[in-house]
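Q: What follows is a single structure, and I will ask about it in a moment.
Values quoted throughout were computed directly from the atomic coordinates according to the rules given, and no laboratory measurement underlies them. Worth saying up front: this structure is predicted, and the values here are computed from it rather than measured. Cβ placement follows ideal geometry from the backbone for every residue including glycine, while neighbour counts extend to all protein chains displayed.
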Amino acid sequence: MSHLIVTGASGYLGQEILKATAGFSEFKSILALSRRPDRQQAGPVVGGVPIRWLQYALPEKLPAEIGPEQASGAALIHCGYDLNPTGSRDSYDANVVGAKALFESAWDRGVRAFVFVSSVSGKPNAQSLYGRSKWEIEQWLRSEFTPRVAKSGGSVATVRPSLILCPFERLGESVSAPRGMYPRMVSQVRNFPVIPLPGGGRQPMSTVRIEDAASAALAAAARKLTGTFNTVWDAPEFTLGDLERAIAKRLALRRLFLPLPSGLMLGGLAVANPIARILGLRLPLNRENILGLRALEVEHSQGAWKTLGLRPLAPDLLS
């Protein structure tokens, strides 16, 4: 294996995957796919591994620039996700249909190790479009794609991280358009005096450090693993409310935390969103965020880290 292809390479987790590639000698070069390759966060070389940036957006197939010579025997980590669809149909077409098109075209060109970055929120009864889309892609991979790939000696792994925490100092003083749920939470506490807690904020948190989430995806690709891996730290000791309050403490800010029914928050968003669009404002949380936060549950790794050959670090509230 020489080439590594990463979708969503300029995103929250994608950037960390590029950085962590230096610790995996199996990969000699990276093909980084992004909607805006001109805004790439990493340079042409990371840890001695050369990077080539290519434009890519769901629901497109693998870029034509990646021919059989580059794709043959390569690994693909798909962590891209279109967060901007205007409705459920658009979300399905962009993310579910798009993922299928990406995997099929990569397979046709010779990619043989596949990793899909899903989420522990991916469930058959997920309330959010995000959770339902992730679940549907997982099911297609498991029932249709993996059996075909396995017959030819290929591998298909799904990694399912929980809430991904990153080192607090990386978030900077201002996060105007944060990517990732945790950066959005930090941005909300930083910029608003009143912090609503959907569902009362009593939901248990399952978290993972961003370094470990990235290493899990890379390990699954490098080891050519097949299966589903919950990349979760197994000792959740705090709630959503605990995390929000710890963020405020770290920022040395006094905030009013207001437990609210999730339904009330969703109703408020229905009124606030049109006003925010008229004023050109971006609200810190959207409908998808609230639906995801109110459905939080305790998750377990179920031995995933041992299979991946990794020893994750305990996530701090503000790692």
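Q: Would you list Ile66, Ile51 from fewest to most Cβ contacts within 10 Å?
A: Final ranking by Cβ density, sparse to dense: Ile51, Ile66.
Q: In degrees from 0 to 90, rounded to the nearest 10, what is the angle of the helix 129-140 Cα long axis to the longest principal axis of the chain?
A: Long axis of 129-140 versus the principal axis of the chain: about 30 degrees.
Q: Next question, about the same structure. Testing the spin-label approximation: label points 7 Å from Cα along Cα→Cβ at Trp140 and Asp93. State their distance in nm.
A: Placing both labels 7 Å along Cα→Cβ, they lie 1.4 nm apart.
Q: Moving on. Between Leu258 and Arg223, how many nm apart are label points set 7 Å from Cα along the C-beta direction?
A: According to this spin-label approximation, the distance is 4.7 nm.
Q: Compute the long axis of helix 98-109 from its Cα atoms, compare it with the longest principal axis of the Cα atoms of the chain, and write down the angle in degrees, 0 to 90, nearest 10.
A: Around 20 degrees separate the two axes.
Q: Here's another thing I want to ask about it. Does anything in segment 233-259 have its amide N under 12 Å from the 7 Å Cα→Cβ label point of Asn125, and if so which residues?
A: Counting backbone N atoms under 12 Å from the label point, the list is empty.
Q: Then there's this: Kindly state, to the nearest 0.05, the FRET efficiency for His300 paired with Phe238, given R0 = 25 Å and r defined as their beta-carbon distance.
A: That gives a FRET efficiency of 0.95.
Q: Between Leu163, Leu54, Leu256, where does the largest GNM mean-square fluctuation fall for the chain, given springs only between Cα atoms within less than 10 Å?
A: It is Leu256.
Q: Still on this structure, please answer the following. Run the helix sum for the chain: -39,500 (n - 2.57) per DSSP H stretch of 4+ residues, divided by residue count, reported at 222 nm to the nearest 500 deg cm²/dmol.
A: Mean residue ellipticity, 222 nm, calculated: -10000 deg cm²/dmol.
Q: Gly153: net charge of surrounding residues, Cβ under 13 Å, Lys/Arg +1, Asp/Glu -1, itself excluded?
A: That works out to +4.
Q: Among Asp82, Asp234, Asp108, which one shows the biggest mean-square fluctuation in a GNM of the chain, springs joining Cα atoms closer than 10 Å?
A: Asp108
Q: Let me spell out the model: positive unit charges on the Cβ of Lys and Arg, negative unit charges on the Cβ of Asp and Glu, origin at the Cα centre of the chain. What dipole size does that give, in debye rounded to 20?
A: 280
Q: Further question on the same structure: Give the order of Glu299, Glu169, Glu69 when sorted by the count of other beta carbons within 10 angstrom, beginning with the fewest.
A: Fewest-to-most ranking of Glu299, Glu169, Glu69: Glu169, Glu69, Glu299.
Q: Exceeding 20 Å between C-alpha atoms, which entries from my cross-link table qualify? They are Lys28/Lys224; Lys224/Lys306; Lys19/Lys123; Lys151/Lys306.
A: Flagged as over cut-off: Lys19/Lys123; Lys151/Lys306.
Q: Starting from the Cα gyration tensor of segment 213-256, take the square roots of the eigenvalues, sort them a ≥ b ≥ c, and report rounded, prolate or oblate (rounded when a/c is under 1.5, otherwise prolate if a/b is larger than b/c, else oblate).
A: Prolate.
Q: If you don't mind, another one. Could you compute the FRET efficiency for Gln55 and Arg170, with r as their C-beta to C-beta distance and R0 at 30 Å, rounded to 0.05?
A: It comes to 0.70.
Q: Right, here's the next one. With a point put 7 Å past each Cα toward its Cβ, work out how far Arg148 is from Arg287 in nm, to one decimal.
A: 3.4
Q: Using Cα atoms only, what is the angle between the long axis of helix 181-191 and the major principal axis of the chain, expressed in degrees (0 to 90) to the nearest 10?
A: The angle comes out near 30 degrees.
Q: Also, quick follow-up: Using the Cα gyration tensor of segment 197-273, with a ≥ b ≥ c the square roots of its eigenvalues, what is the shape: rounded (a/c below 1.5), prolate (a/b larger than b/c) or oblate (neither)?
A: Prolate is the answer for segment 197-273, as a/c is 1.5 or above and a/b outweighs b/c.
Q: So for Ser10, Ser2, fewest C-beta neighbours within 10 Å to most, what's the order?
A: Least to most surrounded, the residues fall as Ser2, Ser10.
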